[in-house]
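To start, the structure itself, in structure tokens.
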Amino acid sequence: MKKSQLVMIGNGMAGVRSIEELLKIAPDLYDITVFGAEPHPNYNRILLSPVLAGEQTLDQIVLNDWSWYTDHHITLHAGCTVTEVDRVKRVVHGRNPTGDTVSAPYDRLIMATGSNPFILPIPGKDLPGVLAYRDIADTQAMIEAATQYQHAVVIGGGLLGLEAANGLMKRGMSVSVVHVALWLMERQLDEVSGKLLQKSLEARGMKFLIGAQTQELVAGDDGRVKSIRFKDGSELPADLVVMAVGIRPNTALAETMRLHVNKGIVVSDTLQTTTD
């Protein structure tokens with residue numbers, strides 16, 4: 001009997017874990033195809049910070065290597081960004097790294113598209129040297145920058161921002177953290193503990209601008225970011241700017257599919273979309 005076709009959009013931790021559980025319950029139920037925008041197998045995104053700090057390698061944080069997909073007869077389109085889903089014909093269309101179209105029909109479709117880093121809508125946000133901190137490419141770009149430049153500014157004093165700052169310091173950069181709130185990690189800590197954390201990190205050499213509001217990122221003569229300008233007119237040198245100011249659900253594809261989207265994709269109690 002011909003197997004049903006299961007396609008998953010997204011090759012991240014949550015999606016692949018769902019495939020792992022499905023294979024335990026019903027290993028022969030589906031022919032499985034996975035589209036992943038990154039050119040890597042499934043890896044532990046949470047451990048990017050130790051990679052940045054030089055405590056682990058990229059190979060060490062891979063959860064499911066290339067052979068896992070082969071062994072489970074899963075077709076993986078790595079580095080392939082999904083551009084369109086035809087819900088009438090039930091076909092997923094993507095574009096691979098060479099620009100060719102890759103298509104896969106489905107009987108069941110899993111949307112595991114995760115979230116995107118939020119980028120402050122300020123002048124200079126698209127300059128070379130301005131990064132988010134979300135994936136392997138961001139981590140590798142920061143490691144490379146640390147070999148060439150001295151001054152790093154991390155915008156955002158939450159957990160991810162502090163991890164990025166710590167990693168860049170361990171790579172030898174002079175790091176300043178800009179945080180608009182009155183103390184660090186204000187969602188997790190009260191004022192007293194937030195200021196104790198700041199004092200501890202300052203003792204290690206990390207610098208802070210608390211309550212500072214970023215106005216724009218300024219380019220140097222070479223077109224790369226050279227400083228960050230605040231609303232009070234002051235400036236801070238910055239060869240590298242890392243924005244760690246939160247994430248937003250990645251709903252762009254779902255919206256083009258005309259699925260019901262609110263803050264995220266709206267689903268029932270069984271995680272089925274209410275639209276389809």
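Can you pull out the residues in the stretch 1-18 that are closer than 19 Å to residue 61 by Cα and open to solvent by less than 60 Å² (accessible area, probe 1.4 Å)?
10, 11, 12, 15, 16, 18 - these are the residues of the stretch 1-18 that are closer than 19 Å to residue 61 by Cα and open to solvent by less than 60 Å² (accessible area, probe 1.4 Å).
Residue by residue, here is whether (1) surrounded by fewer than 20 Cβ atoms within 10 Å (Cβ to Cβ); (2) under 22 Å from residue 142 (Cα atoms) holds:
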{"site": "20", "(1), (2)": "yes, no"}
{"site": "35", "(1), (2)": "no, no"}
{"site": "44", "(1), (2)": "yes, yes"}
{"site": "47", "(1), (2)": "yes, yes"}
{"site": "57", "(1), (2)": "yes, yes"}
{"site": "78", "(1), (2)": "yes, no"}
{"site": "83", "(1), (2)": "yes, no"}
Residue tally, condition open to solvent by less than 70 Å² (accessible area, probe 1.4 Å) and either free of Cβ contacts under 8 Å to residues at least 24 places away in the same chain or over 12 Å from residue 125 (Cβ atoms) (or both), over the stretch 230-241: 7
Of the residues that make up the stretch 255-271, is at least one within 20 Å of residue 160 (Cβ to Cβ), buried (at least 19 other Cβ atoms within 10 Å of the Cβ) and of a type in the set (Val, Ile, Thr)? no
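Let's see how each residue does on (1) out of contact with any strand residue (DSSP E or B) (no Cβ under 7 Å at 6 or more places or on another chain); (2) without any contact (Cβ under 8 Å) to a residue 40 or more places away in the chain; (3) on the phi > 0 side of the Ramachandran plot; (4) not hydrophobic (A, V, I, L, M, F, W, C):
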position	(1), (2), (3), (4)
37	no, no, no, no
44	no, yes, no, yes
52	yes, no, no, no
60	yes, yes, no, yes
64	no, no, no, yes
70	yes, yes, no, yes
78	no, no, no, no
93	no, yes, no, yes
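Would you pick out the residues in the stretch 3-40 that are within 22 Å of residue 86 (Cα to Cα) and part of a loop (DSSP other than H, G, I, E, B)?
Those that are within 22 Å of residue 86 (Cα to Cα) and part of a loop (DSSP other than H, G, I, E, B): 3, 10, 11, 37.
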Among the residues of the stretch 227-276, count how many are assigned to a helix (DSSP H, G or I) and among the hydrophobic types (A, V, I, L, M, F, W, C). 3
With respect to residue 249, is the statement that it is open to solvent by 40 Å² or more (accessible area, probe 1.4 Å), out of contact with any Leu (no Cβ under 9 Å at 6 or more places or on another chain) and within 30 Å of residue 91 (Cα to Cα) true? yes
Looking at the structure I just gave you, is residue 218 buried (at least 19 other Cβ atoms within 10 Å of the Cβ), modelled with pLDDT of 95 or more, of a type in the set (Val, Ile, Thr) and more than 17 Å from residue 110 (Cβ to Cβ)? no
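Residue by residue, here is whether (1) at pLDDT 95 or above; (2) touching a Ser or Thr at 6+ places or on another chain (Cβ under 8 Å); (3) among the aromatic types (Phe, Trp, Tyr) holds:
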{"position": "184", "(1), (2), (3)": "yes, no, no"}
{"position": "187", "(1), (2), (3)": "no, no, no"}
{"position": "201", "(1), (2), (3)": "yes, no, no"}
{"position": "244", "(1), (2), (3)": "yes, no, no"}
{"position": "254", "(1), (2), (3)": "yes, yes, no"}
{"position": "258", "(1), (2), (3)": "yes, yes, no"}
{"position": "268", "(1), (2), (3)": "yes, yes, no"}
{"position": "275", "(1), (2), (3)": "no, no, no"}
Kindly indicate whether residue 205 is without any contact (Cβ under 8 Å) to a residue 60 or more places away in the chain, within 22 Å of residue 145 (Cα to Cα) and open to solvent by less than 30 Å² (accessible area, probe 1.4 Å). no
For the stretch 200-215, give me each residue that is among the basic types (Lys, Arg) and more than 12 Å from residue 154 (Cα to Cα). 204
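The values are calculated or read from the model by the stated rules, or taken from the named source; none is laboratory data. The shown structure was predicted, so the numbers you read here are calculated from the model rather than taken from an experiment. Please note: Cβ atoms are built from the backbone with ideal geometry, for glycine as well, and neighbour counts cover all protein chains shown. Side chains included, ligands, DNA and RNA excluded: accessible areas come from the protein's heavy atoms. Shrake-Rupley method; radii C 1.70, N 1.55, O 1.52, S 1.80 Å.
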